[in-house]
2 protein chains.
Amino acid sequence: MEILVATENTHKLKELSAIFADHTLFTPHEKGIEYFFEETGETFLANAQGKALALHEQAGSPVIADDSGLVVPALGGEPGVYSARYGSPAGGPNLDTPERNRYLLGKMEGLTDRRSYFVCCMVLVLTPERFFVAQETLPGRIISEPRGSYGFGYDPLFYLNEYNQTVAELPEAEKNKISHRGRAGIRLRAVLDSL
Amino acid sequence: MEILVATENTHKLKELSAIFADHTLFTPHEKGIEYFFEETGETFLANAQGKALALHEQAGSPVIADDSGLVVPALGGEPGVYSARYGSPAGGPNLDTPERNRYLLGKMEGLTDRRSYFVCCMVLVLTPERFFVAQETLPGRIISEPRGSYGFGYDPLFYLNEYNQTVAELPEAEKNKISHRGRAGIRLRAVLDSL
């Protein structure tokens, strides 16, 4: 099946293409399709579904979209759906990754409960009325100094107890197998296989 | 896996048990669990997810919930999420099925576009942050006289072109294979198999 992925992030497209190996994935740019969706939802689901439907409305064909983020219960769930723009001035540009990570560490100063989890909500829309959702998590904890150079975003601060490594210390293929996004993708591939 | 189904409808439990044959399904009543959720959402997804989360909060274990209904585009999408209480006085009891079906036929009098579809949105909640959704449809059209005695609700008015029968003329096993609820269940079973 040809599927449009609501991203221009080639890293994410490559990750999903490996999971949806029997299908052909494209970015909207590759197909010359423009769409607009402002991610102002209060949940990962609202953002992922809204984005998928906005792209589907323009494309008319099957679409995958996701919204992902980091949740720290001791911060009342922050940064949550605001993960990408955490610490940025309202309406201003997003902080760059090192700044944003320092912002998070500042917020967590003195907190002993450093448990955290990544969330990915992924939506596959076939038509506006036929759609499938998988929301998966990756549990870990926030350490106080960044470690590792793989991955992106909060990965260098996110420590996996089972691996004794941060996500940024895991090679990409390893990460894709266990990550929140990888797991959500595997669920939706199972749905596609059952059609 | 043991899964609680947010229904006391034994017909629905039997239908889902056949689909989730490798798992053991229970009703809340069988487990002595009480929960409350008012289905006032504007979408099938909002109702199904809200119901699943409300039951999961009480039970703490995996839960399936669904919300289903009939959509008639020529009626602006009615009865939609109001399918069960269509034509009922606000706050009053639901009409019985023959009355409700007559109410729908009255609304559709003179309409030549009689296309319609059933929708089922089914949600599987493992934890509040790990959940899966399948929304499936069954397309057909509304005829002007009820036919058949199987099924329930709008089934006697819902004609399947491919089968030259109404849903109420299809034996239960046939209906389960092609129905919106059956198809949604098959998708979620595929998700469970991939865990």
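The values are calculated or read from the model by the stated rules, or taken from the named source; none is laboratory data. Note that the coordinates shown come from a computational prediction; the quantities given were computed from them, not determined experimentally. Here the Cβ is made from the backbone with ideal geometry for all residues, glycine too, and neighbour counts use every protein chain on show. SASA here: full protein model, heavy atoms, side chains in, ligands and nucleic acids out. Shrake-Rupley method; radii C 1.70, N 1.55, O 1.52, S 1.80 Å.
I need the P(r) histogram for the protein assembly as shown: all alpha carbon pairs, bin width 10 Å from 0 out to the longest distance, whole percents.
Values per bin, smallest distances first: 5, 21, 29, 25, 13, 6, 2, 0.
In nm, what does the list of distances from residue A:73 to its counterparts in the other copies look like, shortest first, when each label sits 7 Å along Cα to Cβ?
In ascending order, 4.6 nm.
Given a Förster distance of 45 angstrom, what is the FRET efficiency for residue A:143 paired with residue B:57, based on the Cβ-Cβ distance and rounded to 0.05?
Numbers: r = 32 Å, r/R0 = 0.71.
Computed FRET efficiency for residue A:143 and residue B:57 comes out at 0.90.
Can you list the copy-to-copy distances for residue A:84, using a point 7 angstrom from Cα toward Cβ, in nanometres, shortest first?
Here residue A:84 shows inter-copy label distances of 3.8 nm.
Using 0.36 nm per residue, how much length does the chain from residue B:1 to residue B:162 gain when fully extended, once their Cα-Cα distance is taken away?
Length gained between residue B:1 and residue B:162: 54.4 nm.
So the label point sits 7 Å from Cα along the Cα-to-Cβ vector; using that for residue A:34, what distances do you get to the other copies, in nanometres, sorted shortest first?
Those separations, rounded to one decimal, come out as 5.8 nm.
Measure nothing fancy, just the Cα-based angle from helix A:10-19's long axis to the longest principal axis of chain A, in degrees from 0 to 90, nearest 10.
Once rounded, one gets 70 degrees.
Determine the order of A:150, A:86 by accessible area, beginning with the largest, at a probe radius of 1.4 Å.
In descending accessible area the options line up as A:150, A:86.
Could you work out how far helix A:180-193 tilts from the main Cα principal axis of chain A, as a 0 to 90 degree angle to the nearest 10?
Taking Cα atoms only, the helix is inclined about 20 degrees.
Please list B:23, A:11, B:180 from largest to smallest accessible area, probe radius 1.4 Å, with all protein chains kept in place.
So, going from the largest accessible area down, we get A:11, B:23, B:180.
If I compute solvent accessible area with a 1.4 Å probe over the protein chains, what percent of it on segment B:2-194 is carbon and sulfur?
Carbon-and-sulfur percentage of accessible area, whole number: 49.
Set the Förster radius R0 to 35 Å, insert the Cβ-Cβ distance between residue A:107 and residue B:127 as r into 1/(1 + (r/R0)^6), and round the FRET efficiency to 0.05.
FRET efficiency, residue A:107 to residue B:127: 0.90.
With unit charges on the beta carbon (Lys/Arg positive, Asp/Glu negative), name the residue among B:179, A:118, A:105 whose Cα is farthest towards the positive pole of the charge dipole of the protein assembly as shown.
B:179
Decide, for chain B, between rounded, prolate and oblate: order the square roots of the alpha carbon gyration tensor eigenvalues as a ≥ b ≥ c, take rounded if a/c falls under 1.5, and otherwise choose prolate if a/b is larger than b/c, else oblate. All intermediate terms of the calculation are to be shown ahead of the outcome.
On the way: a/c = 2.01, a/b = 1.55, b/c = 1.30.
It is prolate, given that a/c is not under 1.5 and a/b is the larger ratio.
Students often check this: by mean Cβ neighbours within 10 Å, which of A:92-99, B:168-175, B:52-59 ranks highest, and how do the rest follow? Present the calculation step by step, with values, prior to reporting the outcome.
Details: A:92-99: 11.4, B:168-175: 16.0, B:52-59: 19.6.
My ranking of the peptides, most packed first, is B:52-59, B:168-175, A:92-99.
Once the other residues with Cβ under 14 Å from the Cβ of residue A:99 are scored (Lys, Arg +1; Asp, Glu -1), what is the net sum?
+3
Which entries in the list B:14/B:177; B:12/B:51; B:12/B:175; A:51/B:12 go over 22 Å, if you measure between the two C-alpha atoms of each? Working shown, then result.
Working: B:14/B:177 13 Å; B:12/B:51 16 Å; B:12/B:175 12 Å; A:51/B:12 33 Å.
As for pairs spanning more than 22 Å Cα to Cα, those are A:51/B:12.
Against the longest alpha carbon principal axis of chain A, how many degrees, from 0 to 90 and to the nearest 10, is the axis of helix A:44-59 turned?
30 degrees
With charges only on Cβ, +1 for K and R and -1 for D and E, what is the dipole size of chain B about its Cα centre, in debye, rounded to 20?
Details: 19 positive and 26 negative charges, 79 e Å.
It comes to approximately 380 debye.
Once both labels are modelled 7 Å past Cα along the beta-carbon direction, what's the residue B:84-residue A:177 spacing in nm?
4.5 nm
Points 7 angstrom from Cα along the Cβ direction at residue A:46 and residue B:23: gap in nanometres?
2.8 nm
Let me make sure I get this right: for segment A:1-86, a, b and c are the square roots of the gyration tensor eigenvalues over alpha carbons, sorted descending. Under 1.5 in a/c it's rounded, otherwise prolate if a/b > b/c, else oblate. Which is it? Intermediate results must be reported in sequence, preceding the final value.
Details: a/c = 2.51, a/b = 1.70, b/c = 1.48.
Prolate, because a/c is 1.5 or more and a/b exceeds b/c.
Pick from B:33, B:64, B:143: which is most flexible by mean-square fluctuation in a GNM of chain B where alpha carbon atoms under 10 Å apart are linked?
B:33
Once each part is reduced to its C-alpha centroid, what is the distance from segment B:17-56 to segment A:107-170 in angstrom?
Here the answer is 28 Å between Cα centres.
Could you work out the mean count of beta carbons from other protein chains within 10 Å of each residue's beta carbon in B:182-189? Write out the running numbers ahead of the final one.
Working: counts 0, 3, 2, 0, 3, 9, 5, 2.
Mean partner shielding for this stretch: 3.
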